Amino acid sequence: MRLFYTTLFLGVLFACQPHKTTEVTHYRYASSMVFRETPFADITPAKSIDSAVTMNINHFQLKYDGQNRLTELKYRLGHTPKAHYERFIRAPWITFEYLGQKEIRRFYNEYGHRTLVSGNVYETHIDWDGQGHRKSLVFLGLNGERVENDFGIAKYKWTQGSDGSVVEKRYDLNGKLVRNRPGFGYMITRFEYNSQDLLYQMTNMGHTGEQPSPDEAGVVYTQIGYDTHGRFSQWLNLDYNGRPIKGMSEIAQIKYIPSEYSGEGEAEFIDENGNPQFTRWGAHRVVYQFDKHGNEVLRQFKGLKNEAINVNNGIGQIKTQWNPSGTQTLHRAYYDKDDNPIGVGDHNLHQFETELNGNGKPITITSKDLNGRAVINPSTAYATEKRLYDDQGRLIERLFLDSEGQPIDHAVWQIAQIKYSYYAEHGLKAVNYFDAKGQSRKPQWNPAH
């Protein structure tokens, strides 16, 4: 499991305050992105690549206007958009519009249709000050109403210091101060950047913002490290006195070896004394392998002597198969360290199988046991996700089913069905949610937050 999703949005520094978007002047391509922990930060490539190699590997295409401002971001393989929904990249296709002192971000799925992200977010609106800095952000829903994202955040406010540091406050719809994201206990947060505009330290300023304050685990500072390409390579938790300390995930430090693609190639976990440690789920190191396109095909868990191990649930390896074009996952399965297929949990969950339609779109994703029978995935509480499309290839329904093919509520979201309708030009018209009994229900995107 990746504890931190470090592949983030790409972009450029905004050299001047925003105006209305102008014509496209150039493109850039990148295989990986600079780490971001706040939407205040620019969206910046970590490792740029030449357009000649983009036909064969997963990459990000960035489009800029005449003022060198990012106007579009796409995740692609060749010319084909691909699904990409990690923690901070919430859509594989994002557009950026500049109107006066406002920046508007809109989101599209891998099929080119408008979509909701981060729960019920349809657009992100960012206000700029007169000095070319972002000063606040709000999330808007499908009908232009203010909404919270799945982190429980409705609004960000930023203040920039004379030293270039940024203080961030986050609020829910009721105006209550909230923490930055699940699994992380920072409230008001100060971000500090180095001379390359890379984030190098975050400080928890608590509820008042007056002084550095410990979170629930005692962490006050988090330091970020990078390799020579600007790729994320270290996460280090520190206490008030600047000493390493284990955070809320019971890890003090993570050292990453970046891959040549959008994620890390290795992750190693270190304790507060600088010694190798195991995570609470049972690994010291995680090693990834990729195919020629940059798709993950193997994830292995290692012990203190770099030996193959099984983690707490018995998994030693996770193998993933892709379709021939490399654009869709077909099969993901669990094995022990000796390469034996295994089943996990009470239902002996072994694999996830994806069925594609004639247009290469997934129509079912089913969790199965060692005998190939559909079984409940305990993390989601359903066995199959069924997807339906209209004659224009637009996603119109997602349905969660139990092992007998009956509707069942998602373990977290508490809904069994999502229905989408569109305007003629592909804009979303409505999104409706229903529980397993067919009753309309508001989803719970992240109740733990």
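Read-outs throughout are calculated quantities, based only on the coordinates presented, and are distinct from any laboratory measurement. Bear in mind the structure is a predicted one, so any value in this text is a computation, not a measurement. Cβ sites come from the backbone with ideal geometry, for glycine too, and all protein chains shown count toward neighbours.
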> Which lysines have a Cα lying under 19 Å from the Cα of LYS368, excluding residues fewer than 8 positions away in the same chain?
Replying inline: LYS319, LYS386
> Among GLN223, GLN289, THR159, whose Cα sits farthest toward the positive end of the charge dipole of the chain (+1 at Cβ of Lys/Arg, -1 at Cβ of Asp/Glu, about the Cα centre)?
Replying inline: THR159
> Counting other Cβ atoms within 10 Å, which chymotrypsin sites (Phe, Trp or Tyr not before Pro) in segment 401-431 have at most 15 and lie in a DSSP loop?
Replying inline: TYR423
> By a straight-distance test (C-alpha under 12 Å), which aspartates and glutamates pair with LYS419 as possible cross-link partners, with residues fewer than eight away in the same chain excluded?
Replying inline: ASP390, GLU397, ASP435
> Listed here are the pairs LYS102/LYS429; LYS82/LYS437; LYS102/LYS169; LYS135/LYS429; LYS102/LYS155; LYS74/LYS361; which of them are more than 26 Å apart at the Cα?
Replying inline: LYS82/LYS437; LYS135/LYS429
> What is the calculated FRET efficiency for GLU404 to SER195, with r their C-beta to C-beta distance and R₀ = 35 Å, to the nearest 0.05?
Replying inline: 0.05
> How many nm separate the modelled label positions at LEU370 and ASP391, each set 7 Å beyond the Cα in the direction of the Cβ?
Replying inline: 4.8
> If you place +1 on the Cβ of every Lys and Arg and -1 on the Cβ of every Asp and Glu, how big does the dipole about the Cα centre of the chain come out, in debye to the nearest 20?
Replying inline: 620
> Cα gyration tensor of segment 371-449, axes a ≥ b ≥ c as square roots of the eigenvalues: rounded (a/c below 1.5), prolate (a/b > b/c) or oblate?
Replying inline: oblate
> Distance in nm between label sites at THR380 and HIS229, each 7 Å beyond Cα in the beta-carbon direction?
Replying inline: 3.1
> GNM on the chain, C-alpha springs below 10 Å: top fluctuator among GLU216, GLU353, GLU72?
Replying inline: GLU216
>> Suppose the Debye formula is applied to equal point scatterers at every Cα of the chain; what is log10 I(q)/I(0) at q = 0.08, 0.11, 0.12 Å⁻¹?
In response: -0.48, -0.98, -1.20
> If R0 is 45 Å, what FRET efficiency do you get for ARG280 and MET55 from their C-beta distance, rounded to 0.05?
Replying inline: 0.60
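Taking 30 Å as R0, compute the FRET efficiency from the Cβ-Cβ separation of ASP42 and LYS442 and round it to 0.05.
Rounded to the nearest 0.05, the efficiency is 0.30.
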> About its Cα centre, how strong a charge dipole does segment 343-449 have in debye, to the nearest 20, once Lys and Arg get +1 and Asp and Glu get -1 at the Cβ?
Replying inline: 300
>> Testing the spin-label approximation: label points 7 Å from Cα along Cα→Cβ at THR25 and GLN101. State their distance in nm.
In response: 2.5
>> Cut-off 10 angstrom, C-alpha nodes, Gaussian network model of the chain. Which of ASN237, ASN348, ASN357 fluctuates the most?
In response: ASN357
